[in-house]
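Computed from the coordinates by the stated procedures, all read-outs in this text should not be read as laboratory data. A quick note: this is a predicted structure, and the numbers were derived from the prediction, not measured. Quick reminder, even Gly has a Cβ in these numbers, built from the backbone with ideal geometry, and neighbours come from all protein chains shown.
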Amino acid sequence: MAAEALESDLDLAFNLQLQEAINASLSASFSPPKSELKSITQNDKFFDFTSRQFDELHKLEQELNDRVVSETEFKRMRDALHLRIHDHRVAREMATIPKDQWLESGERFERPYGEGSSKGGNEETFRVYVKGLVELYLPKEIVLGGIGVAICDSKDELLFEWKKPLVGNGMSRQIVEMRALIEGLNAAKELDLKRVVFYCDYFPVFNYVTGLWTPKRRNVIALVNQLARLRENFLYCQPSIVARNDIKFAFKLAREAIVSQVNKPAESSGTINLFEICVICLEDKNVGQIFSVDDCMHRYCFSCMKQHIEVKLLHGMLPKCPHEGCNSELKIDSCSKFLTPRLIEIMSQRIKENAIPVTEKVYCPYPKCSTLMSKREVLEYSKSTFFSAEISGARKCLKCKGHFCINCKVPWHSNMSCHDFKRRNPYPPAEDVKLKNLAAMHMWRQCVKCNHMIELAAGCFHMTCRCGYEFCYTCGAEWKNKAASCSCPLWDEDNIVDHTDEDDDEDEDYDYENFYAFEQ
């Protein structure tokens, strides 16, 4: 009714403006005498406005015609779908008829269209698969999006498919996934389907739809409300979360929608774009966005490699090739093409830390330095400054040149033995006390092998330190032979289920400063 009222108003406005344009055109068609040239010059702006108005009217007429064509085409598709559903039902019904009954009266079997169609029986629940994809097209730095919708019957046979390209720098994954859901349900509504289950593979959107999460961004809230109103048009409409492989129909359509946008400028310029599927995200990527590991030649897209390296660095580990069972090391020079300068700096630090055995690591005790060094390296460097450095324990930092004691891990206490220093300073430094109080407050734990302080962010209580030592986070008991040596519970439900409200700006950088390990 709203669409009909809008169309009626548009028709009325179109007729009025068209009449005005015709009158203006007729008045302008007569050649004026020379005495009137001056007045015509003064009215140039009026005629320019009239011509622009006529162009707008032409565009409006074209939009109305396009709408009529679109509605006619969708009606044809809806009728074809209903007929196809009817044929599927009849075929399944015929398959259940016993052979002797079929031989006797099979030739008289008939189910006219309308009795067994979707209009006549709404008991079948249809499956609506949706997928929204977002990709950054680097040569022109354009954000491209694509929506894929696939509607199947209860036997998962494809009945209807549709794809739509999206363009815009304001797009995010959450927005595109929500728009894909809305487009999918709109298609099901226009096809007169009354019972549907819509499938998606993105947990944040699924949690918004089911009410587990409450959206905070206004544009996401508006889309969630729009989706809730749309679901009221169905007798049965429920969401379902599935793996990406289970929505292959919609995923393929969304990829085709993006590729169609990428290929258009290439076709016009006479060039050819080559694509390769990333085995991690299963997306069809331009070969220029595929990274090849130097030693093993395993190939993955830039986006997946960046996320892989970020996660490994976040957990204090040196990233390697993500292929299962492959231990090929990643080189900074090769990875610099898709890593941020901050990630390159952290990765360089991790490579240096990894090159030094755990038992050989030593940090400068001066707070403004804290440089990582190996015990053997700093000993050789200190021999030129301290006589019998091996016996006294005196060392010289490689970076700040500060003197410190390798045994006490404090600035150098000249003319005083380590025993005397500890006797005169029985209490730990204020910084160590603050660290221990902070660790007790936040329930941090310290690895008994390498003394690194760690925090359980999420997951079970089975901890694996970056030095390789495995222990129980609750009591500190060692894990042996892949089993706990204590009777503590393996997990807490609050640490397993993540209740945070995710934001889908996927390029958001982690604050790695908060994850650096402390060492005594």
Item checked: Under Karplus coefficients 6.51, -1.76 and 1.60, residue-wise ³J(HN,Hα) of region 295-306 in Hz, glycine/proline x -> 7, 8, 6, 5, 10, 9, 6, 4, 4, 5, 5, 5
Note to self: For a Förster distance of 22 Å, can you work out the FRET efficiency between the beta-carbons of N186 and N245, rounded to the nearest 0.05?
What the structure shows: 0.30
Checklist line | Table column - 3J(HN,Hα) (Hz), region 313-325, Karplus curve with 6.51, -1.76, 1.60, x for Gly and Pro | finding: 5, 4, 8, x, 10, 7, x, 10, 4, x, 5, 4, x
Checklist line | Average projection area in nm² (convex hull over Cα atoms of region 356-426, one quarter of hull surface) | finding: 4.9
Next item on the list: Show which lysines lie in cross-link reach of K163 when reach means a straight Cα distance below 26 angstrom and same-chain residues fewer than eight apart are skipped.
Entry: K59, K75, K119, K131, K140, K155, K189, K194, K248, K252, K264, K285
Check: What nm value, rounded to one decimal, do you get for the distance between A457 and A440 when each label is placed 7 Å out toward the C-beta?
Finding: 2.7
Notebook entry, point to check: By how many nm would the segment from F387 to A355 lengthen if fully extended, with 0.36 nm per residue of separation less the alpha-carbon distance?
Noted result: 8.7 nm
Margin query: Counting just the Cα atoms, what span does region 156-199 cover along each of its three principal axes? Round to the nearest Å and put the largest first.
Written below: 35, 19, 15
Notebook entry, point to check: What are the lysines whose alpha-carbon lies under 27 Å from the alpha-carbon of K396, with same-chain residues fewer than 8 places away excluded?
Noted result: K352, K361, K368, K375, K383, K409, K422, K434, K449
Note to self: Could you compute the net charge surrounding E478? Neighbours are other residues with a C-beta less than 15 Å from the C-beta of E478; K and R count +1, D and E count -1.
What the structure shows: +3
Check: Just from the alpha-carbon atoms, what are the Rg and Dmax of region 163-258 in angstroms?
Finding: 13.1, 37
